[in-house]
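Asker: One structure, as structure tokens, below. Some questions next.
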Amino acid sequence: MEHTPAAVVFSNSSAASHAQQASARAGCADFPIAIIGAGFAGIGAAIRLKQAGIHSFTMFERASEVGGTWRDNIYPGAACDVPSHVYSLSFEQHPDWSRKFSPSDEIQDYLLALVNKWRLREHLRFGSEIVEARFDDAGAFWTLRDKDGAQHRARVVISCVGGLVDPALPEIEGLDNFGGELFHTARWKRDCKLNGLRVGVIGTGASAVQVVPAIAPQVAKLCVFQRTPGWVVPKLDRSYPSRLRRLFARFPLLLRASRFFKYATSELRGPMIFLDAPRLSALGERMSLRHLHAQVRNPELRRKLRPSFQFGCKRVLISDDYWASFERDNVELVSDAIQSVEASGVRSVDGVLRELDVLVLATGFDVGLSSAPFPVFGRAGQSLAAAWQGGAHAYQGMSVAGFPNWFILMGPNTGPGHTSVLVYTEAQIAHVLHAIRRMQRCGWKSIEVRPEVMQRYNDGLQRRMRNMVWTSGCNSWYLSEDGSNHSLYPGFASEYVLRAHRFRASAYRIEAG
Ligand code: N01
């Protein structure tokens, strides 16, 4: 008989009564489910649960609004660098994107609209930061503790905390002494007007290539501090005229075809981006160098902007106007390393001090893919941090031996360098949903991936990593400190989807109720 822990607090009584009705309809045992995080993954999982008639879930979100990345990244120029027809949920397609690559606020509006459409607010608890999770072996339930000390129980936990969330602040001497405005791209100060000011940007990754061209026309002076130049390819962004959008709305098949075409193209290009195959990489490098020549006339500047690592080793940057920004009189590329930050500006190792009013840190994120997001204690009190000491690993990026009923979305080795992460996330959601339905139908108390299955899966992944470009000699957030890759999937998205989207009970140890 399924045991539903009594201490679970549903967000409101209507969610509880929905759950009971759905459970009665389906003739199966319902149980409480916790979703941690309300970004794309959490919202997608919640919608799929609702579509399946499962309403007994609570979403814990530490911030005061949903959206994750798209709530936080509001810097000028913030946009998706994957076409929106693919970077959206396949079961909630949106015909009205204004551009091929939509700006951040449109993506956030899309997520907010989904939350309203599916009435997810009644499941949401804002300001609820989970700081510890502990599994009860006898009862087979998880107790989540939030930062205020409140406890919440759930039979199944879906962890949707994301990997690129917490800003990485660079260790630069004197950073705290800067006298002007200082902020990270993911903590942009809305009220800080840059017009006519002297601005510095540290970093030249995916965030920087968006913010630099967006602010260059407004500011008096822009200094871009580059440590490692990256490969940039044209974005070929364009607006979708309202006539085309109406067509997408009227003929959903057209929208599906556009999605499929963009997805298929990204998969076909994939090997050029993820394989350690110098001949394929050379194709990408040639495309990028043509772009560099078209955008920058000054050969010395081109030399400084030209990367020296293999194409794809770091994330390929996508922009129609980043390199061209350096042709502007008010934009300076500083390729000498930073020595220190002083009250009035940034000093480079050649001794030059560039005086600045605002300093923007486009320095990326403390990647959370390779560590436990907070203390998690599984069967017999074992800790996830300890289990992941040698690097984060999970079966298909979702399930970890010793941590029953705990599923991770966007977990270890499930990121792509070449296509939309949501393709992977949707496969994970399908897998988790199958698992939950089987648990409900069969009255299972717990399911836990078999250690040997997880081991075999990860040994296979790490063997394949040797053929991937990410370890060909560059430094990136893809790699852990020991140089191993626990963030990206070494292959095509389609292959991952085929492997992961179905729940195979034989991979799991099952405890009947
Ligand atoms: O961060 P990054 P990001 N001194 O880590 C430099 C996603 N994303 O925020 O290359 C000087 O790529 C660092 O230099 P180096 C996307 O997955 C998606 O730009 O390490 N410089 C680098 O240039 C992306 O990959 C979208 O030598 C320092 C930069 O800071 C991920 O987020 C848009 C430094 C950090 O680049 C992260 O991108 C934006 C120091 N001490 C981002 N420390 C979409 O459109 C770091 N740097 C979906």
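The values are calculated or read from the model by the stated rules, or taken from the named source; none is laboratory data. What you are looking at is a predicted structure, and each value in this text was computed from that prediction instead of being measured. Using ideal geometry, Cβ is built from the backbone for each residue, glycine included, and neighbour counts are taken over all protein chains shown. Note: accessible area is taken over every heavy atom of the protein model, side chains too, but ligands, DNA and RNA are not part of it. Shrake-Rupley method; radii C 1.70, N 1.55, O 1.52, S 1.80 Å.
Asker: Regarding W231, is this residue more than 23 Å from L488 (Cα to Cα) and within 16 Å of the ligand (Cβ to nearest atom)?
Answerer: So W231 fails the test.
Asker: Still on this structure, I have one more. Pull up region 154-177, narrow it to residues that are more than 16 Å from the ligand (Cβ to nearest atom) and either among the aromatic types (F, W, Y) or assigned to a loop (DSSP other than H, G, I, E, B) (or both), then point me to the one that is farthest from P416 (Cα to Cα).
Answerer: The residue in question is R155.
Asker: Among the residues of region 346-354, is there at least one that is away from the ligand (no atom under 12 Å from the Cβ), of a type outside the set (D, E, K, R) and in contact with a Gly (Cβ under 9 Å, 6 or more places away or on another chain)?
Answerer: Yes, some residue in region 346-354 is away from the ligand (no atom under 12 Å from the Cβ), of a type outside the set (D, E, K, R) and in contact with a Gly (Cβ under 9 Å, 6 or more places away or on another chain).
Asker: If only one of N195, N116 is loosely packed, with under 14 Cβ neighbours inside 10 Å, within 24 Å of Q428 (Cα to Cα), more than 16 Å from the ligand (Cβ to nearest atom) and free of Cβ contacts under 8 Å to residues at least 40 places away in the same chain, which one is it?
Answerer: N116
Asker: Filter region 129-153 down to the residues that are surrounded by 21 or more Cβ atoms within 10 Å (Cβ to Cβ) and either not in a strand (DSSP E or B) or not assigned by TED's automatic domain parsing to the domain that holds P83 (or both) and list them by number.
Answerer: A140
Asker: Which strands (runs of 3 or more DSSP E) sit wholly inside region 351-419 and have at least 1 residues that are surrounded by fewer than 23 Cβ atoms within 10 Å (Cβ to Cβ) and among the acidic types (D, E)? Please lay out each step first, then the result.
Answerer: Details: elements: 353-355, 358-361, 406-408.
In region 351-419, 353-355 are the strands (runs of 3 or more DSSP E) which contain 1 or more residues that are surrounded by fewer than 23 Cβ atoms within 10 Å (Cβ to Cβ) and among the acidic types (D, E).
Asker: I'm told P95 meets every condition in (1) crowded, with 22+ Cβ neighbours inside 10 Å; (2) in contact with a helix residue (DSSP H, G or I) (Cβ under 6 Å, 6 or more places away or on another chain) except one. Can you identify the failing condition by its number?
Answerer: All conditions are met except number (1).
Asker: In region 292-313, is there at least one residue being within 16 Å of the ligand (Cβ to nearest atom), closer than 23 Å to G200 by Cα, in a helix (DSSP H, G or I) and open to solvent by 50 Å² or more (accessible area, probe 1.4 Å)?
Answerer: Yes, region 292-313 has at least one match.
Asker: For region 432-490: of the residues being among the hydroxyl-bearing types (S, T, Y) and not in a helix (DSSP H, G or I), which is surrounded by the fewest Cβ atoms within 10 Å (Cβ to Cβ)?
Answerer: S472
Asker: Could you check region 226-245 and list, in sequence order, the residues that are outside any loop (DSSP other than H, G, I, E, B) and either in contact (Cβ under 8 Å) with a residue 60 or more places away in the chain or open to solvent by less than 40 Å² (accessible area, probe 1.4 Å) (or both)? So that I can check it myself, show each step before the final result.
Answerer: At the first step, the residues of region 226-245 found to be outside any loop (DSSP other than H, G, I, E, B) are 232-233, 239, 242-245.
Residues satisfying the conditions are V232, V233, S239, R245.
Asker: Of the residues that sit in region 37-67 and are open to solvent by 30 Å² or more (accessible area, probe 1.4 Å) and in a helix (DSSP H, G or I), which one is farthest from the ligand (Cβ to nearest atom)?
Answerer: Across region 37-67, the extreme among qualifying residues is Q51.
Asker: Let me ask another. Which pairs turn up if I take residues in region 68-81 that are farther than 11 Å from T185 by Cα and away from the ligand (no atom under 11 Å from the Cβ) and look for partners that are open to solvent by 20 Å² or more (accessible area, probe 1.4 Å) and at pLDDT below 95 with beta carbon separation below 6 Å, at least 6 apart in sequence or on another chain?
Answerer: Close Cβ pairs satisfying both conditions: G68/G162.
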